[in-house]
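The values are calculated or read from the model by the stated rules, or taken from the named source; none is laboratory data. Quantities reported herein were computed from a predicted structural model and do not represent experimental measurements. Cβ atoms come from the backbone with ideal geometry, glycine included; neighbour counts cover every protein chain shown.
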Amino acid sequence: MLYISKMPIVKKNDTAEIRQGQHDRMVRAYDYLRSHNFVETTDDVALRMGVNRSSIRSALSRGGTYMSVNLIDDFLDAFDGIFSRPWLVDGEGEMLAGGEVFSTSPYPTRSDRVTYVMEQEGLTYSEMTKEVGLSNASTLFRITRYGQRPQDATLDKILERFPKYRREWLYTGIEPMLSTPEPAEEAPASPIEFLDEEALAKSTALPYHPSQTMRFPLVEDPAVAGTLTSFGDPDPDGVRMIEVPVDRHYRGIYRIFTVQGDSMDDGSSKGLSEGDRVLARSVDRDYWLDGLHTRDWLYFIFVTRSEGIVIKQVIGQDPRQGLFRLHSLNPFYHDFDLHVEDIVAIYNVIEIVSRRLTV
């Protein structure tokens, strides 16, 4: 008697079809990550997964055939909670594990993060080029102005000069941004010493060291400031210099402005009252029509030909028309548009350096 096996016949191309399906779904997942600002290239995927870049490039290439469950699991671990494992492995169910999600990083691309570092360090193109040892400033200009993706070598130079930024953040945007400093050793406990009021006052009145202060030019009269021919100079002749405490050394062009009027006074802690002095940093002209970073800076100072100096919030920008929509905190003042041709200089307000007390 002839017995016929009832075991299913496995076709030779079944495994290939399974892997092809997994590959196609991985490519879809990768496209999703790119469109939702999680990654820019397959290299970013490899860095997040901690695997060889060439393996990911091969696996995610349009004609790629290599795929394994281990690789899929590493991918799911690197982008935890975004994709469904049953869908990636077997094609079952929906692609997303919990619905559509976008990257929450305010600096999703490498160029965004390099631009942020430049702004935080207060450096111009030429200064940053010298600081990190690049051959010319055009490299940084293409990165920050046109969003060109910086090469690993450029990022390494930045990290070598500014080691406080984490490599994982600068390369792929993985938080935290800054390296955690080593905790300082605690000094041995000493007996409590009770001081009288005079001694206590002296003990807490610590002088600032020269490294903790910087001198900045003070702009007191907006009418005069608007006509200065040396307005862009860091230390123009005949201008009063003010020394203020700082938490780091500022690089770039800074000025101290005195607030006049009540247009930015709404009675809140964020308002600016007449007589307040603010420290502000010059915004390079190349950035004006790229869109001012209103998410990073609350107020901007515009030095204009027609209105003198105005301190406002920027609530709208039209780079194509060259217009800025400016807003006052005081509700009695109306919003208005300012054209770029009327602007001599733009500063972003860093901090209030002195505040006049009123009753």
Open item on the list: What's the total number of residues in the range 337-346 that are without any contact (Cβ under 8 Å) to a residue 40 or more places away in the chain and touching a Leu at 6+ places or on another chain (Cβ under 9 Å)?
Closed with: 3
- [ ] Any residue in the range 314-336 that's assigned by TED's automatic domain parsing to the domain that holds VAL303 and part of a loop (DSSP other than H, G, I, E, B): show its pairings with residues that are at pLDDT 90 or above and of a type in the set (D, E, K, R) at Cβ separation under 8 Å, as long as the two are six or more apart or on different chains.
- [x] GLY322/GLU341; SER328/LYS312; SER328/ASP335; ASP335/ARG325
TODO: May I ask you to list the residues in the range 105-160 that are over 20 Å from VAL39 (Cβ atoms), out of contact with any strand residue (DSSP E or B) (no Cβ under 8 Å at 6 or more places or on another chain), touching a residue at least 40 places away in the same chain (Cβ under 8 Å) and in a loop (DSSP other than H, G, I, E, B)?
DONE: LEU123, THR124
Task: So VAL101, is it under 30 Å from THR129 (Cα atoms), surrounded by 13 or more Cβ atoms within 10 Å (Cβ to Cβ), of a type outside the set (Lys, Arg) and under 31 Å from the mean Cα position of the chain (by Cα) - done: no
Task: Every residue from the range 313-353 that is at pLDDT 90 or above and basic (Lys, Arg) - done: ARG325
Open item on the list: Being acidic (Asp, Glu) and either assigned to a helix (DSSP H, G or I) or in contact with a helix residue (DSSP H, G or I) (Cβ under 8 Å, 6 or more places away or on another chain) (or both): is that true of GLU100 here?
Closed with: no
Open item on the list: Can you say whether VAL310 is modelled with pLDDT under 90, over 29 Å from ARG142 (Cα atoms) and aliphatic (A, V, I, L, M), as far as the supplied structure shows?
Closed with: no
